[in-house]
Amino acid sequence: MEAATAASLTAPGFLPVIEADTTGELPWYATPYVPLLTLPEALAAHGGPLPERTVLALGASLAAGLAAAHAKGVVHAGLSPSAVFLSTEGPRIGSFGAVRAAGPDGEARGDIPWLTAGCVAPEQAAGGRPRPLGDVHALGAVIAFAATGHTAPERNELPAFLRATVAACLSRDPARRPQAAELMHRL
């Protein structure tokens, strides 16, 4: 299902899916080759957290991509630093559906090694269906990672320019999180 969803999504900021097979024992999808780095690789190459201007531009671009997906009724459900790819043409989002792949609705999603700590919204970790505001929670963790090197930093670790925005994104209450489109404008 995730491969088919990814293949049908043509939104700015996402790695395009050029081929997919969801009928076999192991579903898969393929994206075109683009030279890029994951966000963790970019921080390692940079020698630590990214500069303020870069973090804001990255966050705004990712929020725009999520807003476009949400407008089409698509939830990413797997955004994390390793699902963010940086290229010469800007950031791209890949790795669809990690949360959905971790377990069916109603089943707690925890202790799964490939799910990044701090990126799964509390309601999804408890087994709730992935929703757009869960993507916003994950985006807050990704922005925090870009600025600090951690997906769940202490408030005082975050640069002052991000504290209120990241805190809103990481709220345990989904109703207190901004929509992706609002977040794009904030950043």
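The length gained by stretching the chain between Ala181 and Ala164 to full extension, at 0.36 nm per residue less their Cα-Cα distance, is 4.5 nm. For the stretch 118-134, putting each phi into the Karplus relation 6.51 cos²θ - 1.76 cosθ + 1.60 with θ = phi - 60° gives couplings of x, 8, 8, 4, x, 5, 7, 4, 7, x, x, 5, x, 9, x, 6, x Hz, in residue order, rounded to whole numbers and with x for Gly and Pro. Couplings 3J(HN,Hα) of the stretch 70-77, computed from phi: 4, 5, 8, x, 10, 9, 5, 6 Hz, in residue order, whole Hz [Karplus 6.51 cos²θ - 1.76 cosθ + 1.60, θ = phi - 60°; x for Gly and Pro].
Rounded, prolate or oblate: which fits the stretch 11-70 when a ≥ b ≥ c are the square roots of the eigenvalues of the alpha-carbon gyration tensor, with rounded for a/c under 1.5 and prolate only if a/b beats b/c? Note, shape of the stretch 11-70 comes out oblate. Annotation: amide H-H contacts under 5 Å for Gly78 (H modelled 1.01 Å from N, sequence separation of 5 or more, or interchain): Gly97, Ala98, Val99. Compared with the alpha-carbon gap, the fully stretched path from Ala57 to Arg129 is longer by 23.0 nm at 0.36 nm per residue. Working note: Karplus 6.51/-1.76/1.60 with θ = phi - 60° gives the stretch 143-151 the couplings 4, 4, 4, 4, 8, 10, x, 10, 7 Hz, where Gly and Pro are set to x. Annotation: amide H of Phe14 within the under-5 Å range of Ile93, sequence separation 5 or more or interchain, hydrogens built in the peptide plane.
No lab work stands behind these numbers, since they all come straight from the coordinates. Remember, predicted model here, so these are calculated numbers, not experimental data.
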